[in-house]
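The values are calculated or read from the model by the stated rules, or taken from the named source; none is laboratory data. Because the structure is a prediction, the values reported are computed rather than measured. Counting neighbours? That spans all protein chains shown, and the Cβs are built from the backbone with ideal geometry, glycine included. Note: accessible area is taken over every heavy atom of the protein model, side chains too, but ligands, DNA and RNA are not part of it. Shrake-Rupley method; radii C 1.70, N 1.55, O 1.52, S 1.80 Å.
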Amino acid sequence: MHIMEGFLPGPWWQLWFAISIPVILYGIHKLNRMMEEKRDLLPLLAVAGAYIFVLSSLKLPSVTGSCSHPTGTGMAAILFGPAISAILSMIVLLYQALFLAHGGLTTLGANVFSMGIAGPVIAYLIYKIGMKAGLNFYFTVFLATAMADIATYLVTSLELALAFPAQSGGVIASFEAFAAIFALTQLPLAIMEGAITALIFKYVIKVKGDVLVKLDVIGEAGLRKIQELTT
Amino acid sequence: MNNMLDDYALISPLRHSNNWLKLTVVAVGLLFGVSATSPVTPLFIALCMSFATIIFAKVPVKFYLQLITLPLGFAAMGSIIILFFFGSGHEIAAVDIAGYHLAIGNQGLEMAVLVMARTFSGMFCLFFLALTTPMVELFSVLKTSRVPDVIIELSMLIYRYIFVLLEVAASIKFAQTVRLGYKDILSSLRSTAMLAGTLFIRSWEQGEKLYLAMNSRCYDGKLVMFCPKNPISIPELLITSLYLVSIIALFITTNHMPAI
C-alpha cells in the first residue's frame, strides 16, 4: 500500500526520511561487505529486485474487486534478510513511483519505512521463530508473508494517523478510522499473498531447491525433509 | 501489461532538455506544493504541470486523463476520513450511520480540500518527471550526485531486468489465460503462484548467466556510462524562471493560515 505523493504534510514526510535513511545506510554497508565475500551476489540481487517489481505489478484475483497486488517484500526478507530487503524495496518503490505512478518522491521515506523496513523485519522475525519452533515450513512462510502485509498496512495507517490526528480522540481515533477503511482491501490481500508465497516456495523447492540452501533460507537436511514430505 | 510511463519518456520531445532544469522544476513544485497551507499554490502548480506535460511534452490527452484516475482513489479515500475526523469549528453537514454521529466541520472540509490539492500537485509533478525523463537520464544525475556505486549498479541492473522479466511474465500469463488458467478464483490463485514460481526460477538462472557474462567481460564492480551534456536553451530558461517566480509569489501571498 503506497502513500500518494503530496499526501503527507511536513514535518511528517521529513521525519520518515530521517528514520529510513539510517536503515538504508546500514543496508548499503552490509551489502558492500557481502559483495567483498561473494562477487556473484550483485546480479542475483538485481534480478531479485526486478522480480519484486514484476511481482508487484501482477494483479491478484481480488475478492473486493479493487486493484490489489502482492508486495513481494515479505518474500525478499525471507530470502535475503531485512537489511538487503530495505535497499531492494527502496529501488523498487522509486521505480514504481516513476514508472507506474504508485507512491511518490516526498512520501518515499514513509513508504520505505512501512513496506521496506517494518514489513520485512516482521516477516524475518516470524520466519526465524517459526523455523526454530519446528513449525511446518509452508505454514511459516504463509504466516510470515501475511503478517508482513498486515504490519505494512498497520504502519501505513499509523503514518497517516500521525499526520492527520482526529479532533476528538487524537491519533488513536484516526488510526482506527484509517485502519478500518484500509482493512477492507488489505486483509484479504494479506491472506492471498501469504498463500501465493507459500505456493511459490513449494514450486521452487520442487524444481530448484538448492537455490534456497545456497541463500541459507533452509539447511540441507531441512530441504531434504520437506522434499520427502511433498513427493 | 502495464502502462509504463518510461515508454513515453523515451520518445518525449523534452527528453534531451537539461536534466537538472527538469529536476529543479519538479523539486520546487513538490516542495512548495507539499508545504503550502492554502490550496491555491498546489492547484496552480498542478495546472502548470499538466499544461507543460500536454503542450510541451506532447503527451496524448486521453492517456493523461487515464493517469489522473490513479491517484484519485487513494486521495479520495484518505480525504473522506480527514473530512469526518479532522472536523472542528461549526458543523456544515452531518450523517448518522449505525448509531455514530458523523459530522463535517468547516476545518475538516478545508483540510480535505487542501490535502486533495497537495496530492494532485505532487502527482502532476511526478507525472511530468516520469513522462519526460527516462530512467537512463536519471542514472547520470545519480552518478554526479555521488550516490554510492552499489546502489547505482543495482538500480541499473534492476531496470534492465524489469523489462526482461515483464516480457516473460506476460507471455506465461498469456499462455495460462488461453488454457483457462484464470477461469475462477481458485485456479487463478494456482496460476498466479505457478507464474510467480517459474518467474523466480527463470530470474535466478538469468542472474547466474548475467554474472558469468559480466565476469567474462572483466566486470570489476563498475559500469561506465556516457553522460551527454544538454545545454539549457534561452526560452526554456525564461519559462522556468517565470514559473518559479510565480510559484514563490503565490506561495508568499496565499500562505496566511497557520501551518498545520
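What pairs come out if I take residues in the stretch A:116-137 that are within 22 Å of residue A:93 (Cβ to Cβ) and pair them with residues that are open to solvent by 70 Å² or more (accessible area, probe 1.4 Å) whose C-beta lies under 7 Å away, six or more apart or interchain?
Correct list of pairs: A:122/A:147; A:123/A:147.
Out of the residues in the stretch A:7-30 that are open to solvent by less than 70 Å² (accessible area, probe 1.4 Å) and outside any helix (DSSP H, G or I), which is farthest from residue B:111 (Cα to Cα)?
In this case the residue turns out to be A:10.
Looking at B:126, B:109, B:138, B:142, can you tell me which residue is in contact with a helix residue (DSSP H, G or I) (Cβ under 6 Å, 6 or more places away or on another chain) and of a type in the set (A, V, I, L, M)?
B:142
Could you please find all residues in the stretch A:37-47 being outside any loop (DSSP other than H, G, I, E, B) and either touching a Ser or Thr at 6+ places or on another chain (Cβ under 7 Å) or at pLDDT below 80 (or both)?
Within the stretch A:37-47, A:37, A:41, A:42, A:43, A:44, A:47 qualify.
Mind counting the residues in the stretch A:150-169 that are surrounded by fewer than 21 Cβ atoms within 10 Å (Cβ to Cβ), more than 19 Å from residue B:104 (Cβ to Cβ) and facing chain B (nearest Cβ under 10 Å)?
0
The conditions are (1) of a type outside the set (S, T, N, Q); (2) closer than 23 Å to residue B:49 by Cα; (3) surrounded by fewer than 21 Cβ atoms within 10 Å (Cβ to Cβ), and residue B:127 fails exactly one of them. Which is it?
Just one mismatch for residue B:127, condition (3).
Take the residues of the stretch A:209-231 that are part of a helix (DSSP H, G or I) and under 19 Å from residue A:52 (Cα atoms): which is nearest to the other protein chains (Cβ to nearest Cβ)?
Only one residue fits best here, namely A:211.
Within the stretch B:150-183, how many residues are open to solvent by 60 Å² or more (accessible area, probe 1.4 Å) and either under 17 Å from residue B:222 (Cβ atoms) or not assigned by TED's automatic domain parsing to the domain that holds residue B:197 (or both)?
1
Quick one: count up the residues across the stretch A:95-115 that are free of Cβ contacts under 8 Å to residues at least 12 places away in the same chain and assigned to a helix (DSSP H, G or I).
The total comes to 2.
Only one of (1) touching a residue at least 40 places away in the same chain (Cβ under 8 Å); (2) surrounded by fewer than 18 Cβ atoms within 10 Å (Cβ to Cβ) fails for residue B:41. Which number is that?
(2)
Conditions tested, residue by residue: (1) more than 10 Å from chain B (Cβ to nearest Cβ); (2) buried (at least 24 other Cβ atoms within 10 Å of the Cβ); (3) modelled with pLDDT of 80 or more; (4) touching a strand residue (DSSP E or B) at 6+ places or on another chain (Cβ under 7 Å).
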{"site": "A:59", "(1), (2), (3), (4)": "no, no, no, no"}
{"site": "A:64", "(1), (2), (3), (4)": "yes, no, no, no"}
{"site": "A:67", "(1), (2), (3), (4)": "no, no, no, no"}
{"site": "A:76", "(1), (2), (3), (4)": "yes, yes, yes, no"}
{"site": "A:81", "(1), (2), (3), (4)": "yes, no, yes, no"}
{"site": "A:86", "(1), (2), (3), (4)": "yes, yes, yes, no"}
{"site": "A:89", "(1), (2), (3), (4)": "yes, yes, yes, no"}
{"site": "A:96", "(1), (2), (3), (4)": "yes, no, yes, no"}
{"site": "A:101", "(1), (2), (3), (4)": "no, no, no, no"}
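How many residues are surrounded by 21 or more Cβ atoms within 10 Å (Cβ to Cβ) and more than 11 Å from residue A:77 (Cβ to Cβ) when one looks only at the stretch A:116-132?
0
State which residue is farthest from residue A:44 (Cα to Cα) when the search covers only the stretch B:141-193 and only residues that are more than 9 Å from chain A (Cβ to nearest Cβ) and among the β-branched types (Val, Ile, Thr).
B:178
Any idea which residue in the stretch B:1-38 is surrounded by the fewest Cβ atoms within 10 Å (Cβ to Cβ), counting only those that are of a type in the set (D, E, K, R) and part of a helix (DSSP H, G or I)?
Selected residue: B:7.
Of (1) more than 9 Å from chain A (Cβ to nearest Cβ); (2) open to solvent by 80 Å² or more (accessible area, probe 1.4 Å); (3) modelled with pLDDT of 80 or more, residue B:209 satisfies all except one. Which?
Here residue B:209 clears every test but (1).
Which residue is farthest from residue A:44 (Cα to Cα), if the candidates are limited to the stretch B:201-251 and must be aliphatic (A, V, I, L, M) and assigned to a loop (DSSP other than H, G, I, E, B)?
Across the stretch B:201-251, the extreme among qualifying residues is B:232.
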